[in-house]
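To start, the structure itself, in structure tokens.
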Amino acid sequence: MIAPRRLHRAGGALLAVFVAVHVANHLAALAGVESHVRVMDAARRVYRQPVVEAVLLLCVVLQAASGLRMLWAGRQRRRGVLPWLQAASGAYVALFLAIHVVAVLAGRAGGLDTNFYFAAAGLHVWPSVLFFVPYYFLAVAALFVHLGCALRRGRAVVAGFSAVGVVVAGLIVATLMGNVVPVEIPAKYLQTFARG
Ligand code: HEM
């Protein structure tokens, strides 16, 4: 059997390619929602291929499972700030991914195009915004912290990655909220959050 750490590093490298495109896709919204949609249409031609998507989703499951296994197995010998920061950021990314991927697949099964508006709708409805702002912000910030720790190049590198993560997370969340470019959420996405 492959050791969890090897699996985590190999799967993480594959997943990082998708995540880099995915985060860049969200940053494209800084130039307007149409830019976000154009980038997503192009990227989907690759990651929505059934074989590619199956491998991507398998990587997500293996990444979370191997990470949580290491988190638990090393709980008594983990010493110092960086190992704990790596463990805590990884645990949050695993929790986020479980909710995020299920939400995306459920949205698609419900007939929604899971585009910018799908991601942004919750940030335009009260009180859901109270959940979605920290949920998305922490996901992007934790991802950068986790990658910074994984490089094992010391505190300065982790601090640099964390600072970039906080800025990128702030920009993505502000854009989703409509604070950077105008955002008009179509009614069908807002209805998902309607009460009663
Ligand atoms: C603010 C941050 C984020 C937002 C707004 C967001 C939004 C979205 C949206 C709208 C989709 C659907 C894409 C499509 O239909 O083509 C999606 C899919 C996905 N996202 Fe994110 N995402 C964010 C961060 C992340 C992060 C940090 C990760 C990984 C650590 C991630 C992993 C995924 C995965 C694995 C999918 C499924 C791709 C698929 O099979 O179609 N996302 N996300």
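The values are calculated or read from the model by the stated rules, or taken from the named source; none is laboratory data. Note that the coordinates shown come from a computational prediction; the quantities given were computed from them, not determined experimentally. Don't worry about glycine lacking a Cβ; one is built from the backbone with ideal geometry, like all the others, and counts go over all protein chains shown.
Could you list, in sequence order, the residues of segment 157-173 that are within 11 Å of the ligand (Cβ to nearest atom) and more than 13 Å from the chain's Cα centre (by Cα)? Within segment 157-173, Gly170, Leu171 meet the criteria.
In a residue-by-residue description of segment 75-85, the property of being over 30 Å from Asn179 (Cα atoms), over 15 Å from the mean Cα position of the chain (by Cα) and within 12 Å of the ligand (Cβ to nearest atom) applies to no position.
The set of residues from segment 139-172 being farther than 14 Å from Ser89 by Cβ and not in a helix (DSSP H, G or I) comprises Arg152, Arg153, Gly154. Taking segment 66-118 as the range and being small (Gly, Ala, Ser), out of contact with any Gly (no Cβ under 6 Å at 6 or more places or on another chain) and within 15 Å of Arg5 (Cβ to Cβ) as the test, the residues that pass are Ser66, Ala73, Gly74, Ala87.
Report whether or not Leu105 is touching a residue at least 60 places away in the same chain (Cβ under 8 Å), under 21 Å from Arg44 (Cβ atoms) and surrounded by fewer than 20 Cβ atoms within 10 Å (Cβ to Cβ). When the stated conditions are applied, Leu105 does not pass them. All conditions but one from (1) without any contact (Cβ under 8 Å) to a residue 60 or more places away in the chain; (2) in contact with a Phe, Trp or Tyr (Cβ under 6 Å, 6 or more places away or on another chain) apply to Ser128; the one that does not is (1).
The set of residues from segment 16-30 being touching a residue at least 24 places away in the same chain (Cβ under 8 Å), surrounded by fewer than 20 Cβ atoms within 10 Å (Cβ to Cβ) and either closer than 20 Å to Asp113 by Cβ or within 11 Å of the ligand (Cβ to nearest atom) (or both) comprises Ala16, Phe18, Val19, Val21, Val23, Leu27.
Of note, Gly148 satisfies the criterion of being surrounded by 20 or more Cβ atoms within 10 Å (Cβ to Cβ), at pLDDT 95 or above and over 23 Å from Ile99 (Cα atoms). Taken over segment 120-133, the criterion of being assigned to a helix (DSSP H, G or I) and more than 27 Å from Ala87 (Cβ to Cβ) is satisfied by Ala120, Ala121, Gly122, Leu123, His124, Ser128, Val129.
Screening segment 174-184 for residues that are under 16 Å from the mean Cα position of the chain (by Cα) and either more than 12 Å from His26 (Cα to Cα) or aliphatic (A, V, I, L, M) (or both) and picking the one that is surrounded by the fewest Cβ atoms within 10 Å (Cβ to Cβ) gives Ala174. All of Phe131, Phe96 fail the test of being among the aromatic types (Phe, Trp, Tyr) and either more than 9 Å from the ligand (Cβ to nearest atom) or touching a Lys or Arg at 6+ places or on another chain (Cβ under 7 Å) (or both), apart from Phe131.
Comparison of Ala54, Ala10 shows that the only residue that is farther than 21 Å from Val104 by Cβ and without any contact (Cβ under 8 Å) to a residue 12 or more places away in the chain is Ala10. Screening Tyr136, Tyr117, Tyr189 for residues that are within 13 Å of the ligand (Cβ to nearest atom), more than 19 Å from the chain's Cα centre (by Cα), surrounded by 14 or more Cβ atoms within 10 Å (Cβ to Cβ) and in a helix (DSSP H, G or I) leaves exactly one candidate, Tyr189. Can you tell me which residue is nearest to the chain's Cα centre (by Cα) among those in segment 1-15 that are among the aliphatic types (A, V, I, L, M) and within 15 Å of the ligand (Cβ to nearest atom)? Selected residue: Leu15.
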